[in-house]
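Following: one structure in structure tokens, then a few remarks.
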Amino acid sequence: MPSTRLWTWKRASNSSTAESAIVFEEIRVRILSDSDAVIARQKGREVALILGFSRTDATFVATAISEIARNITVHAGEGEIIIRSITENGRDGIMVIARDEGPGIADVTAVMRQAMTTGAGLGMGLWGARRLMDDISITSQPGTGTTVTMKKWGRFDEVGRLLED
Ligand SMILES: Nc1ncnc2c1ncn2[C@@H]1O[C@H](COP(=O)(O)OP(=O)(O)OP(=O)(O)O)[C@@H](O)[C@H]1O
Ligand SMILES: [Mg+2]
């Protein structure tokens with residue numbers, strides 16, 4: 001598993017329209033401890049703000065990242081978080097992938113249907129992340145690890161952003 005943190009972004013100019021767009025590559029944060037989860041949370045917030053998310057939405061993204069990163073340290077031991085900008089069907093957004101090769105989740109459907117835990121937590125992490133993001137999917141098999149993919153689309157709420165500033 002790569003331990004590099006890629007923090008690459010570039011402004012790509014489109015010569016035909018003379019418009020410029022921010023194009024992110026991706027950021028990877030290797031998650032070994034809770035302090036790495038804090039770094040992933042901060043990076044997620046930074047990226048969301050640069051991509052044009054409101055501060056409130058950037059905080060939602062950061063909180064969701066924090067929960068899935070903490071799940072890696074608590075339930076799997078180690079893994080990584082990948083943060084990317086995405087465009088789908090003309091919408092721009094942020095995608096977060098959390099990957100580990102830990103014990104996996106036996107019943108993904110049950111975990112997503114309601115708050116539930118197999119540990120000492122409240123079982124609110126995935127349940128909360130589902131509500132904070134627009135889209136979340138989990139692939140997991142016992143013994144092979146877990147991948148959580150989350151997306152959130154930019155609202156481009158300029159008025160809201162001005163009010164927040
Ligand atoms: N990366 C993971 N690897 C293995 N199991 C996981 C992973 N993430 C979540 N789980 C399983 O899914 C359950 C629900 O996770 P969730 O984050 O919602 O709650 P929690 O971590 O138990 O408690 P909380 O997040 O509220 O402290 C966990 O109890 C655990 O069994
Ligand atoms: Mg949790």
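Here is how the numbers come out for the structure above:
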{"read-out": "From the options Gly93, Gly52, Gly44, residue that is in a helix (DSSP H, G or I), more than 16 Å from ligand 1 (Cβ to nearest atom) and not β-branched (Val, Ile, Thr)", "value": "Gly44"}
{"read-out": "Test: residue in the range 33-43 that is crowded, with 17+ Cβ neighbours inside 10 Å, at pLDDT below 95 and either within 25 Å of Ile138 (Cβ to Cβ) or among the aromatic types (Phe, Trp, Tyr) (or both)", "value": "no"}
{"read-out": "Residue among Thr117, Thr139 that is out of contact with any helix residue (DSSP H, G or I) (no Cβ under 8 Å at 6 or more places or on another chain), more than 18 Å from Arg45 (Cβ to Cβ) and surrounded by 12 or more Cβ atoms within 10 Å (Cβ to Cβ)", "value": "Thr117"}
{"read-out": "Single unsatisfied condition, Thr73 versus (1) among the hydroxyl-bearing types (Ser, Thr, Tyr); (2) within 19 Å of Glu25 (Cβ to Cβ); (3) touching a residue at least 24 places away in the same chain (Cβ under 8 Å)", "value": "(2)"}
{"read-out": "Hits in the range 100-119 (condition: away from ligand 2 (no atom under 16 Å from the Cβ) and under 19 Å from the mean Cα position of the chain (by Cα))", "value": "Glu101"}
{"read-out": "Residue that is aliphatic (A, V, I, L, M), in contact (Cβ under 8 Å) with a residue 24 or more places away in the chain and within 14 Å of ligand 2 (Cβ to nearest atom), where the choices are Ile50, Ile83, Ile65", "value": "Ile65"}
{"read-out": "Candidate set: the range 125-165, residues that are modelled with pLDDT of 90 or more and among the basic types (Lys, Arg); chosen: the one farthest from Ile68 (Cα to Cα)", "value": "Lys152"}
{"read-out": "Pick from the range 76-96, criterion among the acidic types (Asp, Glu) and at pLDDT 95 or above, ranking: farthest from the chain's Cα centre (by Cα)", "value": "Glu78"}
{"read-out": "Residues of the range 68-88 satisfying the condition of being surrounded by fewer than 23 Cβ atoms within 10 Å (Cβ to Cβ) and in a helix (DSSP H, G or I)", "value": "Arg70, Thr73, Val74, His75, Ala76"}
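The values are calculated or read from the model by the stated rules, or taken from the named source; none is laboratory data. Treat the numbers as computed from the prediction; the structure is a model and nothing was measured. All Cβ positions, glycine included, derive from the backbone under ideal geometry; neighbour counts span all protein chains shown.
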